[in-house]
Each structure stands twice: as structure tokens, then as C-alpha cells.
Amino acid sequence: MNKARRFLSGADHRRIEKSFANAGLPKKWWKAFGRELRHCARCGERLSWRLVRAEGQRRFVCGGCRWIFYQNPKIVAAALPVWKNKIVLLRRAIEPAKGLWSHPAGFMELGETVQDAAIRETREEIGCRVRLAGPARLYSYDDAAVVTVVYDAWVVGAGPRAGAESLEVKAFAADEIPWDRLAFRSTYHALRDWADRRSKS
Ligand SMILES: [Zn+2]
């Protein structure tokens, strides 16, 4: 590792990593969200990992302006687009899970509703317009940094085509879904639930 790029010492890293573990947080969280953090986004001072007494939680806190860097799960908006009675999936062209299959999904932006985000992501990833149908279903895990909100959807107008973030786009009947080549745990659970609804309707 390039020492010049680290503002915390190796001992600091080990101490914080242990503190993550003691708080019951998975090691991969530290790798994904802690290790890269160095400076306050407001004033540029160093961040430190310390107890916020009012909350009884350790967090990254700025040593200069005392700004607390809150890390909370983000919302992923997703759609299960049905076209000609099949579900349209895409093979991901980007990491994470590059080369594996997913329904359209992506991070919600400020200024959007969850529904707006699900419709936009579907247009970007499989190139078609959809109409959503409620209710939304939520997929949440205590070791994941996202909450996935999934809508049933119908393709309206022109059929699907691969977008820039997709290697391939294909429509699958419930019994054709590539179960062993799905991108994420939530993908598997959302498609399982979709296939169950199909078999009951
Ligand atoms: Zn600061």
C-alpha cells in the first residue's frame, strides 16, 4: 500500500477495524467505507474515528469543525419489467457483479421519487419505458449498505435493447431465469418472489 496516501497509521487502521468488528459491523464495511476516508468534506481537516456520546456510537468526526460523517444505507430503486409475458433482465457491463444478470436497478438521485428513479434506471439499462405497479417491495439486510425498493413494471411502447451499462438484455420466462448467475442477493430474492407471484396468478 502507498504510505503517502494514508493519513492514519497502520496501528490506527487496526484499532478502527477492531472497533468496527466490536460494534458488530462486517469487515467489508470498513474496507468499503472506512479505509478510504481521510479528510472532512467541509473544512479539509483530518477525520477521526471516535465515540459520539449522545448516540453511543463510534463515527468519523472532523477534528476541526466537529462535523459528523454519518454513514447510512442508500436507496436502490429497481423494476421488474414484464414484456410479452416474460421478465426483462440485463447482464451487467460494470462492477460490481460485472457479467452477471440483474433486473434494472440503481441509486436514487436527489430530486427524484423512488418511482422516478426506477423508471429512469430501466430506461438507461434496458432502453424502454415502463409503467410501475404498486406496492413496492423492500429488500434489506443487516450487513448491506443499501435498501433495494422493487416495483413490478410493464414495458410500454418499444421493446428492450441494451444500454451502456448492459452487455446483453434478454426476456426470461419464470422457469428460464438464470438463478446461478444472478448479480446480488436482493436480485435473487426479488426474482424468487416474482416467480412465486407468477405461479399463483
Ligand atoms: Zn471539518
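I'm trying to understand the selection: among the residues of the range 36-58, which are more than 10 Å from the ligand (Cβ to nearest atom), under 30 Å from Val114 (Cβ atoms) and either modelled with pLDDT of 85 or more or touching a helix residue (DSSP H, G or I) at 6+ places or on another chain (Cβ under 9 Å) (or both)?
The first filter runs over the range 36-58 and keeps only residues more than 10 Å from the ligand (Cβ to nearest atom), leaving 36-38, 48-58.
Subset that is under 30 Å from Val114 (Cβ atoms): 36-37, 52, 55, 57.
Matches in the range 36-58: Val52, Glu55.
Tell me which of these Lys170 doesn't satisfy, since it passes every other one: (1) over 13 Å from Trp101 (Cβ atoms); (2) surrounded by fewer than 18 Cβ atoms within 10 Å (Cβ to Cβ); (3) at pLDDT 95 or above.
(1)
Which pairs turn up if I take residues in the range 57-70 that are among the polar types (S, T, N, Q) and look for partners that are more than 9 Å from the ligand (Cβ to nearest atom) with beta carbon separation below 8 Å, at least 6 apart in sequence or on another chain?
From the range 57-70, the pairs are Gln57/Ala23; Gln57/Leu51.
Scan the range 116-136 and give yes if some residue there is within 15 Å of the chain's Cα centre (by Cα), among the small types (Gly, Ala, Ser), over 24 Å from Lys170 (Cα atoms) and crowded, with 16+ Cβ neighbours inside 10 Å, otherwise no.
No, every residue in the range 116-136 fails to be within 15 Å of the chain's Cα centre (by Cα), among the small types (Gly, Ala, Ser), over 24 Å from Lys170 (Cα atoms) and crowded, with 16+ Cβ neighbours inside 10 Å.
Taking the criterion of being touching a strand residue (DSSP E or B) at 6+ places or on another chain (Cβ under 9 Å), away from the ligand (no atom under 16 Å from the Cβ), over 24 Å from Arg185 (Cα atoms) and at pLDDT 95 or above, would at least one residue in the range 102-112 satisfy it? First the steps, then the outcome.
Here is the first cut: in the range 102-112, the residues touching a strand residue (DSSP E or B) at 6+ places or on another chain (Cβ under 9 Å) are 102-108, 112.
Retained after the next criterion (residues that are away from the ligand (no atom under 16 Å from the Cβ)): 102-108, 112.
Then keep just the ones that are over 24 Å from Arg185 (Cα atoms); that gives 112.
Applying the additional criterion that residues be at pLDDT 95 or above yields 112.
Checked the range 102-112: at least one residue is touching a strand residue (DSSP E or B) at 6+ places or on another chain (Cβ under 9 Å), away from the ligand (no atom under 16 Å from the Cβ), over 24 Å from Arg185 (Cα atoms) and at pLDDT 95 or above.
Considering only the range 63-93, state which residues are within 16 Å of the ligand (Cβ to nearest atom) and either acidic (Asp, Glu) or in contact with a strand residue (DSSP E or B) (Cβ under 6 Å, 6 or more places away or on another chain) (or both).
Gly63, Ile68, Phe69
The values are calculated or read from the model by the stated rules, or taken from the named source; none is laboratory data. Model, not experiment: these values are computed from the prediction. With ideal geometry, Cβ positions are generated from the backbone for all residues, glycine too; neighbour counts draw on all protein chains shown.
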